[in-house]
Amino acid sequence: MANSVTQRAGHAENLANKPGGRDQAAKICKGLGVKNPPFAYHRPETLDEALLLLAQIGEEAKIMSGGQSLLPVMAIRLGQPENIIDISQIRGLDSIETESDIVMFGALVTHSQAEASPVTRDSVPLLHKAMPYIGHRAIRNRGTLCGSLAHADPAAELPAVALALDAELIAASTDGARFIAAEDFFSGFLSTTLQQNELLVGVRFHQAPAGMLTSVQELSRRHGDFALVGLTCVLQLSSDGLVDSAALSFFGVASTPSRATQAEQSLVGSRPTTELFEEIANMVSNELDPPSDTHASANYRKHAAGVLTKRALADCMSQTGVLT
Amino acid sequence: MRKSLAKQALNADTNAPAMGRFVGQSVKRVEDQRLLTGNGTYVADVNPEEVVHASFFRSPYAHAEILSIDLAAGLALDGVIAIYTGKDIERLTNPFAPLASLANQYTPVFYGLATDRVRHVGDPIAIIIATSRCIAEDAAELIDVDYKPLATVTNHREANDPTIPAIWPKNDSNVLYEDEKIYGEIERVFARADHVFTETFSCHRVSNQPMETRGAVAEIDPDSGEITYHAATQSPHLLRWILAISTERESVVESLKYLATNRDRLKKFGAGAKAFLTEKKDDLAKNDSTASTNQIKKDPSTLAHLGRTFFNTLGSRRYPRVVAKDVGGAFGSKGAVNREDVVLLAAALDLNRSVKWIEDRSENLADGGQAREEDMTISVAAKDDGTILGFRVELVMDQGAYPAVPFNCGLFSNMIKAMLPGPYRLEAFEMKMKVVASNKGRYLQYRGPWANETWVRERMLDIVARELAISPTELRQKNMFGPEHLPGKMVTGPDLDEDMTAAATLAKAIEVADLPAFEVAQAEALTIGRHLGIGFATYHEAAPGPDNFWESVNPGSDAFLPERVDAVLGRDGSVSIKTQQLPHGQSHETTYSQLAADELGIAIKDVTLVYGDTDNTPFGLLGTGGSRGGPVGGGGVTFSSRQLRRLILDEAADLMEASVDDLDIIDGKIHVRGVPALSKTFADVARAVTSRGQAASTANAIETHVVYSNAGNGGWACSTHVCWVDVDLETGFVTIPRYVVVEDCGQMINPAIVEGQIRGGVAQGIGAVFYEKTVYDESANFQSSTFMDYLIPTAMEIPEIEIFHLETPASVEADFRGVGEGGMIGSPPAINNAVENALAHLGVRITEQHLPPTRILELAGVIEAE
């Protein structure tokens, strides 16, 4: 704890009045604007320190890495955490590591870092394809994969990618670490099964097997917006050309990312044809129960989910050069 | 450039300045170095010593009575200096009195803060002054207000429903203004028609969204009491006047006493007022004298408020110096005086210290300015052959809760009325106008405040063309004023001169569009399920319009239109132009310098534009707005600079013992034509003038000015927009593969700046059609408080916009016509027409301007409407 910066930092001038606080105040102001509610700011430099802090104040604490979701919410005072634990200075959390057939992204890996990595492109192609849809370049430069997963916005791309690829999320606490399957991680709108004393330290994916077909489809009002409807799709064909496995993982259609399991089951064992895809698309439209909001109606989202299904499946098949 | 300059000088055989060095060229913006390197000075950059910060506490309710306000917890917070509520503001300020009311209009009397009830989400209830903005906002969260919710008025239907109580009880109803004008023999014309087509169009509410929100710093010198009001404003003199009359609370008797002891001031005011009244007698006589009587009948307190306005105008000691340096856009929203301005200044005066308020984006979206929410029902009388005889139109405008100060929907509805016939030859026209109040944010002027006249007309012409099986372009050409009909007159009154070239822009657009080729491509595309469309829209815009334009809008208001421009030779030989214009993105520093430099034979960098300081600029209430910066301000710069040139040459002639007719100025050097070696500089002239002693007591060597209105021709900017669309009926997404604007704004001062204005306007039109919508739910709860809810198009959403200029040879000098607003006027109808053209085979008729993906699929029958 000795090295961590722990200050009442919500108001820049409060901080500036304390010894050594001025630089820190400038830094905070730059990130937050000056209209956030008051909070205590902690910047642990080791993982152990962070976990200890969480154990002590987890209930009132919010983890910050890139701050791309948290800070805007605080600036308009929708979120008023009493404590911010800034993990950005912790060493050793910013790498992409490959071990046997597992690829692990640390908690501080940014979207841009993942986007530029050949490991992502070659081993987790679905993730690679999702990257350009995440916000804008400036957001991808600061935002992190794990931050997006822990934030669990149902209209964001990465939770759906994690769900499509059966990723595992690594949660650490002073009690040790555990792996949480993606399907058990997203529990509701902006909420996860992470415990209050747990920090998401990484996410791991299986390396894509040879012949894995992937597609990301998204409709958003403007370039870089959250999705009206989005789909991450994975298809595996068997040697006889039938669908061996399928994942249709949607975002923007429910309070969590969600798989169209009925449609997936109908795909498995079938021969991929445009007629089949038509049927699957209708099935998806019927299976999903999306919300209405000012950007699109529920009917629109149901319809568009079907359209994206057709497009994603066709996109996957175009990667084999075979579509009958 | 040098070469052509030399050539011009050689050929010059008169004393006319070497025109054309800069005017007409895409000279790089002189503002850019400062603004793009972060060296601009916006109001947020102004930080007087000991400044404290304000935050407004705003209503979460759309309509509610305020039962009680508990400030104790907020006041107890460390760092909070004061909190003022409506009760305090009633004590410290005068209410906004109706300064620009029309006959048949009720304009509410109201204060800067809500006093007894709140009327929309975001209505300011209290101002918190604290040592930081953060603390002010912390305190805002601790204010406890007890509300009693009231029935809300959310739309036109409810506003017209007599069973819903009036949100301004003195008016008895939510209809604030109703009027009707008939031009020509409307009954007879409709009786003669082979067809009458009727349709109702509905435009959604959008919001002026400049990059910089509103904001101000009320700087008070605690010792002298001197007030400097730094503001993000379009019109500093207007702001100054309204602040002065709003914050002076001395009694009339005290005001008179003050005037009696300050006779100089009274004399100065008296002389100014007398000159104005004498000069403008005829204009002012056109005012409808019943306007005030109706208003006073409904609310007798109006009389007292107007009386106080009069005395305060003469006697207020609260006239601040208003200063604005760089302003980050406005689109009309900073032309009005904000309620917050008066509250901020009142608080600063009461505390005797400087206070700063910078609006945040959520506040701006809720109450920084909203516009365009209008319904119009139009009937068109037409002959079988496509001849259009007349229009009958009923308009309803939704003003929101509080009227803008001083110009509001009553005036804007009359602008729509004046312009709705467009460049078409109608025999008769009837317009019924209604303005209603609702529990929504303020309706303000937004880039082309009358724009929906073009939207409705150009949309309707496409519908008429379809019904009559005539091509939309042919129908337009058949009915438009062409060269053979000019000079002419709009059915609503304004004169049209030969330079009104709407028909020429349409002809050029038709040529560029190559319709036969498009129709082949459209049919082919349809066979593979692609839906292509094309849409046209033509308009002419009073920029600034002919002498009798404002008579057709609101008789009497033209008294305020002429604009003074000062041209000054400093004691050091420098040249300054002083204007009441307030640049906020229009590039005045560049274009005015181009004009002055050409007149004076100097370089652009040698001209300084002085603006944004009421102590040091000529008086004018309009500031920058109404596409006047080029034609009125620019014309004024031309002629004041020319006058200054003449005065400089007169002095130089004495100095050089030469005839003034033999003198020329090249690159800032004055010499006898053909003898460039012997020359005098402007500094030499300035020195000669000041050493003679005449100007010894003044700050400058030579000062001169002109008061300028227009170039003397029609002042019509004309344009045709053509939009191509590709509609994806699987997703409802629309792409714009091509967009063309053909325009004629007379003589261009700087083509790059003209094109920038047009492209920006088109982008906002694309925004309005596909992205931007200010949403209130059925109980008037505000749904668009962030940029995740209110979608502004980015560069990624805006296509390449091709621009073709028709620069008709000027029949007059300084034939600059405004282009600030046109881009936004022409684009929504062109886009809507293109979408309808793409979906026409499905029987789609577009009557709502806003077309997000959901709406496209609903219209096309792909999904069901909810």
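The values are calculated or read from the model by the stated rules, or taken from the named source; none is laboratory data. Note that the structure is a prediction, hence the values are computed from the model and not measured. Note that each Cβ is placed from the backbone with ideal geometry, even for glycine, and that neighbours are counted across all protein chains shown.
Key figures for this structure:
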{"item": "One residue from B:T704, B:T735, B:T731 being over 30 Å from B:I758 (Cβ atoms) and either assigned by TED's automatic domain parsing to the domain that holds B:I534 or surrounded by fewer than 24 Cβ atoms within 10 Å (Cβ to Cβ) (or both)", "result": "B:T704"}
{"item": "Residue list for region A:74-108, restricted to those being surrounded by 15 or more Cβ atoms within 10 Å (Cβ to Cβ), part of a strand (DSSP E or B) and among the β-branched types (V, I, T)", "result": "A:I84, A:I85, A:I96, A:V103"}
{"item": "Every residue from region B:818-853 that is out of contact with any helix residue (DSSP H, G or I) (no Cβ under 6 Å at 6 or more places or on another chain) and free of Cβ contacts under 8 Å to residues at least 40 places away in the same chain", "result": "B:L842, B:G843"}
{"item": "Those residues of region A:191-212 which are among the aliphatic types (A, V, I, L, M) and either modelled with pLDDT of 95 or more or in a strand (DSSP E or B) (or both), in sequence order", "result": "A:L194, A:L199, A:L200, A:V201, A:V203, A:A208, A:M212"}
{"item": "Failed criterion for B:M788 (all others in (1) at pLDDT below 95; (2) in a strand (DSSP E or B); (3) of a type outside the set (D, E, K, R) hold)", "result": "(2)"}
{"item": "Complete set of residues in region B:292-311 that are assigned to a helix (DSSP H, G or I) and in contact (Cβ under 8 Å) with a residue 24 or more places away in the chain", "result": "B:S292, B:N294, B:Q295, B:K298, B:S301, B:T302, B:H305, B:L306, B:G307, B:R308, B:T309, B:F311"}
{"item": "Filter result for the condition that a residue is over 17 Å from B:G818 (Cβ atoms), touching an Asp or Glu at 6+ places or on another chain (Cβ under 6 Å) and within 14 Å of chain A (Cβ to nearest Cβ), over B:T794, B:T735, B:T786, B:T731", "result": "B:T735"}
{"item": "Residue within region B:544-566 that is out of contact with any Ser or Thr (no Cβ under 7 Å at 6 or more places or on another chain) and more than 30 Å from B:D495 (Cβ to Cβ) present", "result": "no"}
{"item": "Neighbours by Cβ (under 7 Å, 6+ apart or cross-chain): first from region B:116-134, within 14 Å of chain A (Cβ to nearest Cβ) and on the phi > 0 side of the Ramachandran plot; second assigned to a strand (DSSP E or B) and among the hydrophobic types (A, V, I, L, M, F, W, C)", "result": "B:G122/B:F782"}
{"item": "Within region B:90-105, considering residues that are in contact with a strand residue (DSSP E or B) (Cβ under 8 Å, 6 or more places away or on another chain) and among the hydrophobic types (A, V, I, L, M, F, W, C), the one surrounded by the fewest Cβ atoms within 10 Å (Cβ to Cβ)", "result": "B:A103"}
{"item": "A:T309 vs. criteria more than 14 Å from every other protein chain (Cβ to nearest Cβ), of a type in the set (V, I, T) and at negative phi", "result": "no"}
{"item": "Unmet criterion (only one of (1) modelled with pLDDT under 95; (2) more than 23 Å from B:A371 (Cα to Cα); (3) within 14 Å of chain A (Cβ to nearest Cβ); (4) under 26 Å from the mean Cα position of the chain (by Cα)) for B:E866", "result": "(4)"}
{"item": "Test result for B:V109, away from chain A (no Cβ under 14 Å), modelled with pLDDT of 95 or more and crowded, with 17+ Cβ neighbours inside 10 Å", "result": "no"}
{"item": "Among the candidates B:L284, B:L314, residue that is of a type outside the set (G, A, S), part of a helix (DSSP H, G or I), at pLDDT below 85 and within 26 Å of the chain's Cα centre (by Cα)", "result": "B:L284"}
{"item": "Answer residue from region B:751-783, given it is part of a loop (DSSP other than H, G, I, E, B) and at the interface with chain A (Cβ under 8 Å from one of its Cβ atoms) and is surrounded by the most Cβ atoms within 10 Å (Cβ to Cβ) among those", "result": "B:K773"}
{"item": "Matching entry among B:E858, B:E836 (being modelled with pLDDT of 95 or more, over 20 Å from the mean Cα position of the chain (by Cα), away from every other protein chain (no Cβ under 14 Å) and part of a helix (DSSP H, G or I))", "result": "B:E836"}
{"item": "Pairs where the first residue, in region A:281-298, is at the interface with chain B (Cβ under 10 Å from one of its Cβ atoms) and under 14 Å from B:I863 (Cα atoms) and the second is hydrophobic (A, V, I, L, M, F, W, C) and assigned to a loop (DSSP other than H, G, I, E, B), C-beta under 6 Å, 6+ apart", "result": "A:A296/A:L228"}
{"item": "Test: A:F226 is surrounded by fewer than 24 Cβ atoms within 10 Å (Cβ to Cβ), over 24 Å from the mean Cα position of the chain (by Cα) and among the aromatic types (F, W, Y)", "result": "no"}
{"item": "Qualifying residue in region B:459-477 (condition: under 26 Å from B:R628 (Cα atoms) and either basic (K, R) or modelled with pLDDT of 95 or more (or both))", "result": "no"}
{"item": "Residue list for region A:43-65, filter: in contact with a strand residue (DSSP E or B) (Cβ under 8 Å, 6 or more places away or on another chain), over 19 Å from A:H151 (Cβ atoms) and free of Cβ contacts under 8 Å to residues at least 60 places away in the same chain", "result": "A:R43, A:P44, A:L53, A:I57"}
{"item": "Filter pass, A:D240 being charged (D, E, K, R), without any contact (Cβ under 8 Å) to a residue 24 or more places away in the chain and closer than 30 Å to A:S88 by Cα", "result": "no"}
{"item": "Filter pass, A:A304 being more than 24 Å from the chain's Cα centre (by Cα), in contact (Cβ under 8 Å) with a residue 24 or more places away in the chain and within 13 Å of chain B (Cβ to nearest Cβ)", "result": "no"}
{"item": "Unique match (being crowded, with 24+ Cβ neighbours inside 10 Å, in contact with a Leu (Cβ under 9 Å, 6 or more places away or on another chain) and among the hydroxyl-bearing types (S, T, Y)) among B:S292, B:S333", "result": "B:S333"}
{"item": "Check on B:G573, part of a loop (DSSP other than H, G, I, E, B), touching a strand residue (DSSP E or B) at 6+ places or on another chain (Cβ under 7 Å) and assigned by TED's automatic domain parsing to the domain that holds B:G668", "result": "yes"}
{"item": "Every residue from region B:816-852 that is over 24 Å from B:F518 (Cβ atoms) and surrounded by fewer than 22 Cβ atoms within 10 Å (Cβ to Cβ)", "result": "B:T847, B:E848, B:H850"}
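Every residue, every condition in (1) within 24 Å of B:N208 (Cβ to Cβ); (2) small (G, A, S), yes or no:
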| residue | (1), (2) |
| --- | --- |
| B:N548 | no, no |
| B:N554 | yes, no |
| B:V565 | no, no |
| B:Q594 | no, no |
| B:V632 | yes, no |
| B:T638 | no, no |
| B:A653 | no, yes |
